[in-house]
Amino acid sequence: MKISLNPQAKDAATRDALVAEGGFGKYYTDHMVVCEWNEKDGWSEPELKAYGPISLDPATAVFHYGQEIFEGMKAYRQPDGGIGLFRPEANARRFAKSANRLALPEMPEELFIQTVEALVKQDAGWVPNKVGESLYIRPFMFATEVGLGVRPSNKALYMLIATPAGAYFDPSKAVNVWISTEYVRAAQGGTGEAKCGGNYAASLVAQKAAAKEGCDQVVWIDAKERKWVEEMGGMNLYFVKGSGADATVITPKLTGTLLPGITRDSILSVAKDLGYKTEEVMLSIDNWRDGVASGEITEIFACGTAAVVSPVGTAKSAMGTWVTGGGQPGKITMQIRNHLLGIQHGSINDTHKWMRKVI
Ligand code: PLP
Ligand code: COI
């Protein structure tokens, strides 16, 4: 890897003050990684260099046809002061799958992880120390061929940036959700399983509609039957049936239109480790509403890299409004959240070997 250090890297005191501010995506670390690809030569040697703007021709493909993908992953401070990445191989694999769907080149897993490790090592001082805070890492790739013809780009640019991240949502408050029956996120054969910018662009009008209803997030239902609960704007969903040791923790099945969340997958294991039954199910809006009304559904939470585990309280839709758990974070929700954070921060035994030590 080529290394060109940033001569204007922030001094430790300035950096620490920015990290202490918390928030999500407000400040970026001193460096970034870039790696070019073209059809003829494949991947170039990656370069770690000063974080900063890039210059692109106005006719660059990505601006016109949206050929872009990204990932979201985190580095966590460990009890010994070291830093660990959570399941980076899973992000590398999903990045390759997304690339495939968007006709972009697959980046080899080792190269992907090499770039992430290099940036985290270089900008280690930007990794917060508090539990629940972390360094959010954003790998992305886009089409850089210049020209307005609609075709798979013969050039691409991979970039990697990172931002210190506090809580995306305040976990002590439940998130209110708007179940969208007007817009659709993904259909079979579409790009729902891929992490591509276009999915998010198309979701923003629904996000706006949710805000108008006083809701924080959108819940998507399936495109065909318009009744099956899928996921949220940037998170997967979990429902708790029953309570105590007999509870079952359920999540919508991956039908090909949901993003297969790495947090979702991890929670299936964590919930089992904690002694709960788990199920991947088809859950309709009616099941949701009736389950809440009968008291069978006791807790709901959303999960994702940015959001970790966030309680969901009020669900609003064209079919009515219903509230789970009195709008308060549930016990099992918080137990799962704390267990997962414990593994990520190295205070709970990592029996699944999910953590990869960087330093
Ligand atoms: N669903 C969507 C649409 C997302 O954007 C995300 C965030 O990455 C997730 C689910 C959760 O995925 P993960 O747990 O891998 O972050
Ligand atoms: C993530 O959790 O990594 C996401 O991508 C969600 C959102 C910030 C887009």
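How many angstrom separate the Cα center of the stretch 245-311 from the Cα center of the stretch 101-177? Cα centres, the stretch 245-311 to the stretch 101-177: 26 Å. One chain, two ends: I54 and A201. Fully extended at 0.36 nm per residue, the span grows by 50.8 nm beyond their Cα-Cα distance. In percent, rounded to a whole number, the relative contact order of the stretch 1-143 is 29, using alpha-carbon pairs under 8 Å and six or more apart.
For the stretch 175-345, what is the percent of antiparallel DSSP beta bridges, rounded to the nearest 5? If I count the DSSP bridges inside the stretch 175-345, around 65 percent turn out antiparallel. The Kirkwood radius of the stretch 213-338, taken over pairs of alpha-carbon atoms, gives through the Stokes-Einstein law at 10 °C and 1.306 mPa s a diffusion coefficient of 110 µm² s⁻¹.
Accessible surface area normalised per residue over the stretch 2-165 is 45 Å², counting heavy atoms of protein chains with a 1.4 Å rolling probe. Applying a DSSP loop filter and a limit of 16 other Cβ atoms within 10 Å to the trypsin sites (Lys or Arg not before Pro) in the stretch 253-327 leaves K253.
Remark: C-alpha extents of the stretch 145-293 on the principal axes read 59, 33, 29 Å, sorted largest to smallest. With a Förster radius of 30 Å applied to the C-beta separation of K277 and T181, the computed FRET efficiency comes to 0.45.
Think of the chain as a dipole: +1 on every Lys or Arg Cβ, -1 on every Asp or Glu Cβ, centred on the Cα centre; then among L157, N6, G275, G275 lies furthest on the positive end.
Between R151 and L268, the simple label model (points 7 Å from Cα in the Cβ direction) yields a spacing of 4.1 nm. Taking the Cα centre of the stretch 2-165 as reference, the dipole from Cβ charges on Lys and Arg (+1) and Asp and Glu (-1) amounts to some 380 debye. Only Cα pairs under 8 Å and 6+ residues apart enter the sum, and on that basis the relative contact order of the chain stands at 19 percent.
Think of each Lys and Arg Cβ as +1 and each Asp and Glu Cβ as -1; about the Cα centre, that makes the dipole of the chain roughly 320 debye. Under 17 Å of direct C-alpha separation, and excluding same-chain neighbours fewer than eight residues apart, K227 reaches these aspartates and glutamates: E182, E280, D286, D290. On the chain, 51 percent of the accessible area sits on carbon and sulfur atoms, based on a 1.4 Å probe.
Short-range pairs are left out: with C-alpha atoms under 8 Å and at least six residues apart, the relative contact order of the stretch 175-345 is 24 percent. Kirkwood-type hydrodynamic radius, the chain: 21.3 Å, calculated from all non-identical alpha-carbon pairs. Straight-distance candidates among the lysines for linking to K130, with alpha-carbon spacing under 17 Å and chain neighbours fewer than 8 residues away dropped: K74. By the Kirkwood approach, averaging reciprocal distances over each pair of separate Cα atoms, the stretch 2-165 gets a hydrodynamic radius of 16.5 Å.
The values are calculated or read from the model by the stated rules, or taken from the named source; none is laboratory data. As the structure is a computational prediction, the values presented were derived from the model and not from experiment. As a convention, Cβ positions derive from the backbone with ideal geometry for all residues, glycine included, and neighbour counts pool all protein chains shown. Just the protein is used for accessible areas: all its heavy atoms, side chains included, with ligands, DNA and RNA removed. Shrake-Rupley method; radii C 1.70, N 1.55, O 1.52, S 1.80 Å.
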